[in-house]
Amino acid sequence: MRQTILRLWNSMRRQDAEARKAALRIGVLLGVFLLTVPVLSHAQINTGAIVGRLTDPSGAVVVNAKVTLENIATGIKDESNVTPTGDFAFRGLTPGMYKLTVVATGFNTFEETNIEVTVATTTNRDVHLTLGATTTAVTINASAVAVQTASSTLGTVVGERQVRDLPLNGRNFTQLLVLTAGAASPGTTGIWGNPQAGDYRQPSINGQDTNSTGWVLDGTNNRSNFSGGISAAPVIDDIEEFKVVSHSDSVEYGGFLGGYVNVVTKSGTNQFHGAAWEFLRNDKLDARNPFKPNVNPLKQNQFGANLGGPFIRNKAFFFGSYQGFRQHVGSTALYRVPTPAMMAGDFTGENPIYNIFSTRPDPTNPGSYIRDPFKCDAAGIPIVPNADGTQTGGTACQKVPTSMLNPQALLYAKTLFPAPVNTGVPGTNGIDTAPQIQNQDFFSGRGDYQITPSHSVSVRVTHIDSPNISSGGIIGSSFLRESFGYNMGVNYTYTITPNTIFHLNFGRTWVNLHLSSKWNNLDYDSVVYPNWPWACGKSSGFGKHNCWAPLMAIPAFAQVNNFDAHVGQTNIWEATPNLDRIEGRHYLKFGFTFARHRIWATTQRAFEFFDYRQTADLNNLGSTGSGVASFFLGIPSGGEIDDTAPGTQQPSWTWGIYAQDQFKVSPKLTINYGLRWDLYNPGQYGTPGTTNYYSGHMDMLKGTYLIPADPGPCSTVGHAPCIPTGALPAHVLVAPNHKIFKKVWDNWAPRVGMAYRLKPNTVLRAGIGRYYDTWGNADVAVVQSEGLWPDSKAVASTLKNRIFFDPTATLANPLNITIGQAAQPDPNGPFDISGRQWMDPDIKNAFVDQWNAGVEQQLGSNTMMEVDYVGSRGMRIPVTPTLGAATVPGPGDPTLREIFPYIAPSPNTVDWGRNWYNALQATVRHNFSHGLSYSLAYTWSKSMDINGNQQPYNLLHAEKAVGGNDFTHVLAIGGVYQLPFGQTGSKLATSSRAVNTIIGGWQLNGILQGSSGTPYGVFFCGDIANLGRSDCYMRPNLVGNPSVSNPTLTGWFNTNAFATPAQYTYGNEGRNILRGDGLVNLDLSLFRDIPIHERFKLQFRFETFNSTNTVTWGNPVTQLGISGVTGHVYGTRSTERQLQFAMKLYF
């Protein structure tokens, strides 16, 4: 198919002289455009278009005619020239209903009303004039649906009635994305995303990563730089419609691999209209989660109002809204804390523990080391240790002498950890039921002004404030997550001539995220500072300045991340000027996109890391050692402190140029071809002239550490950032041109698509094109550099205690920081730094080649069916393997097998990934008619990629498998049905007003969803291959069939099908070989409309989510080796049945 399309394109360019001239015109006009249009900065993709051709009864084209289009709601009119080929076009139309009028001498006047224009869609309206007088009008009512004859772009429009009436939990429109074929919702944004009201979904579109979806609000970027999700989800009652656009053959779409979620908000009209609403949920009628003894307490209110109307009729309009969201919901957080026995040194029930102080070379195996287990006497009492920490005599036991227990560890555990309780859930001994409280206030205002017939402007400002307070994960802790920000957009249109239109979109998105976690009743001055002075902030020197109880990162135990962070996660300025020109059978579009974006962060926190390896048998790392034993011994594997002042990323600049020709080869065939070029310009951390400018970044592939500039010797500068020894240490380099990350210049994206009208109601379409990801997550990786060497505001290391030698760092001071003086950079250089996720300085941004072919068939005047084959191949996909560790298993010190033994193994983002997607997608849409509208979207697909971090990076080629966003089958059906009873219906209508009031005005709505389960695999924790890694990277050996015919909650897969690999080997299990429970969910709502007055209507709503209370089980515990836990299911993928009541007033 791809070769056929390319041959068609090349043949057309060789044989059609007019096409060659058009291509030349594109180049000339583009050059002129770039010289004359001001450098500003998203394409005009929030509008629609109407095109058509005028013919007489014989089929000949009509040229001399007046074609007028009127927006029915606002009364604004526009005129189009008719080309010598009889074609007319109206571009840049606000979505809505229109009336088309054609007046030509010798013909009856033609009028077509209720033509619907939808976002990012071109509607074809060919006009066949009849002979007669212009004083005679032939008026027809437009078909509710029409085949798309101008493009091969994929996408589904979800209209205002569906958005307004379908049941949505928390009234978040992203739940409706499943009504688009190819869209799946594998997850959300996590804590770094903006708190959103309701059940927020972040989609994977056509197999691409959830972070590669563009969010557009009225043509303006509405994306969060930090999370890849939406910055501010608009209020349901503000949305006119939205469309998920993918595989576009229009080059004005760029920057994302998956597609765009293109939302258009309502504007005012010539009539005042609005609504007020209150939605109520509580726990009284909700079902119980099967894993909880009681229904979670819940109080939720969602309320608001909007109003729109004219400032000046037919000229200026306004629309504004407010919505408040108040939610107080009970939560149940299970956790594990150390027991009193552990605080007394008894670790019975844990893996066998070994004494780190007994570490010594193995005399029988040079290069390897051995340890002795902890020992007890015959009565089970621990042997008293020698002065060097070793024990003499006794037999192996699971007890540590009390004299070896660290006093700070005991203080921490007794002060902060609550007493254990029986939860009934294996692996846990604590439960926190602190409620989660979310308050959100949302404001939006929009104005539209038709300045003159040639000039129009639209302005919208949206503001959101959303604090969220919840438990920190354990009794006595709390977590605050608050976002505050706004999104604004300005759209200006200038009709230079009827054939030439200039558009300018200007946008601004700014969101600040504040995250804070703390112990609620901890006296930091009297407890933290005396015992962990290293964890107190250094930005003003050491002392009682911003003390933070360090997080004790003990594997499988409760961890409270006591920290405070302010993240300027989204800061985007953008503008897109573009010019549309009609030349004969060619519709030319070219433009320039520009965006300036940056993030900033200030972070205060402290960590200590505890590893099983400090108490493990070095020759049996897979099943020995205990992190909690290492904690009570006071032997961390490393630590980290961050006390960064506001660190600002230098602005990133995203540029793009595009040129497009839509060539109407014949009345049946339209071909789109174009070219886009983007400049990928990753951000650089720090601002020249400030101290944060000198933070560096590790190049894990070259074994070097890059800094943007040399700050000078500490002896001269006197404070960090500075170079302690005066000269740069070995392997530390100044980055070329003072830029750590490099621009990428090869982002050329050609695209071609065709639409062939086989029959009046049948269109064949196909397209192919390349799409680059120019946003990605580069900004996030840049912030990882904040405060690092040669600065000293951030210090992180896991190299202080190597597993083969006596420990040198302690729980009281894991970083060996000199207490009592301002911190200086490590004189040994930056190579102790760990706990960071680095990014390859030479990384190139991802791109995807996408292709599709399909057919669209109109079935009657209101129903449309579309079937498509959709395929893609992605290259340079970012993956994050652990680099720096050994890759060859073996005994002994793994650093001897590392390429750069002076660098700590760390996750590192590189562009080595690949992905593949193939799907059959089907869509059926029925526009509202006879009280019924519905849509059906079905996808049968396979999504594969090369990803994962459970094998060494040099084995990534063996990691090709179905990805985490592979859903084999996805089905979604949404429908709205006005029950046909009473005076407003066709049945049981009577003259009795009382009877009609009772039986009339009812409406039933619903969404049915079904999808396959998500893929997963199983793993071991333990460095069995002895690579020097502390993460859970090991896979088991597959020795049987892991699937079971009838999975249960205590046996979702066959744990006996997996075996522990032999020491110093890898397992042979493949990636993502198992699949979780499939989803089935039905949401329903029942409305009752009661007319109050000619212009007022009161609506009562009753909504149920997961109406049948069908449980979709979550994926099981996949870590092997946890007795009574592995293979068990402890959660659900679905929510339990929930009920909602509402009342709305329309006017």
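Laboratory data are not the source of any read-out in this text; all were calculated from the coordinates shown. Please read these numbers as outputs of a predicted model, since none were measured by experiment. For neighbour counting, all protein chains shown are included, and Cβ atoms are generated from backbone atoms with ideal geometry for every residue, glycine included.
Summary table
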| quantity | calculated |
| --- | --- |
| Neighbour cut-off at most 13 other Cβ (10 Å), DSSP loop, trypsin sites (Lys or Arg not before Pro), region 1060-1147 | 1095 |
| Förster radius 41 Å - calculated FRET efficiency between residue 301 and residue 888 (Cβ-Cβ, nearest 0.05) | 0.10 |
| Given 243/1097; 99/266; 284/1097; 243/266; 66/664, the pairs whose alpha carbons are separated by over 24 Å | 243/1097; 284/1097 |
| Two-site label geometry, residue 97 and residue 313: point separation in nm, points 7 Å out along Cα→Cβ | 1.9 |
| Residue 942-residue 365 pseudo-label distance in nm [points 7 Å out on the Cα-to-Cβ vector] | 4.3 |
| 222 nm mean residue ellipticity, helices alone, for the chain (DSSP H n ≥ 4; -39,500 (n - 2.57); rounded to 500) | -2000 deg cm²/dmol |
| Lysines with Cα under 20 Å of residue 702, excluding same-chain neighbours fewer than 8 positions away | 739, 742, 743, 844 |
| Extension reserve of the residue 619-residue 665 stretch, reckoned as 0.36 nm per residue once the Cα distance is removed | 9.2 nm |
| Residues 926, 273 arranged by fewest to most Cβ contacts within 10 Å | 273, 926 |
| Efficiency of FRET from Cβ geometry, residue 1068 and residue 837, R₀ 30 Å, rounded to 0.05 | 0.60 |
| Inverse mean reciprocal Cα-Cα distance (Kirkwood Rh) of region 37-144, Å | 14.5 |
| Residue order, fewest to most beta carbons within 10 Å, for 322, 771, 412, 1066 | 322, 1066, 412, 771 |
| For region 37-144, share of DSSP beta bridges that run antiparallel, in % to the nearest 5 | 70 |
| Stretchable slack from residue 288 to residue 457, in nm (0.36 nm times residue separation minus alpha-carbon distance) | 55.7 nm |
| Charge dipole magnitude, Cβ of K and R +1, D and E -1 - the chain, Cα centre, debye nearest 20 | 2360 |
| Net charge dipole size for region 273-421 [Lys, Arg +1 and Asp, Glu -1 on Cβ; Debye, nearest 20] | 960 |
| Whole-number percent relative contact order across region 255-392, with pairs defined as alpha carbons under 8 Å at least 6 apart | 16 |
| Estimated FRET transfer efficiency (residue 520, residue 422; beta-carbon r; R0 22 Å; 0.05) | 0.35 |
| Residues 745, 215 arranged by fewest to most Cβ contacts within 10 Å | 745, 215 |
| DSSP-assigned coil residues among GluC sites (Glu not before Pro) in region 1052-1139, each with at most 13 further Cβ atoms within 10 Å | 1094 |
| Label-point gap, in nm, between residue 1118 and residue 465 - each point 7 angstrom along Cα→Cβ | 4.2 |
| Net length gained if the chain between residue 1110 and residue 702 were fully extended (0.36 nm per residue, minus Cα distance) | 141.6 nm |
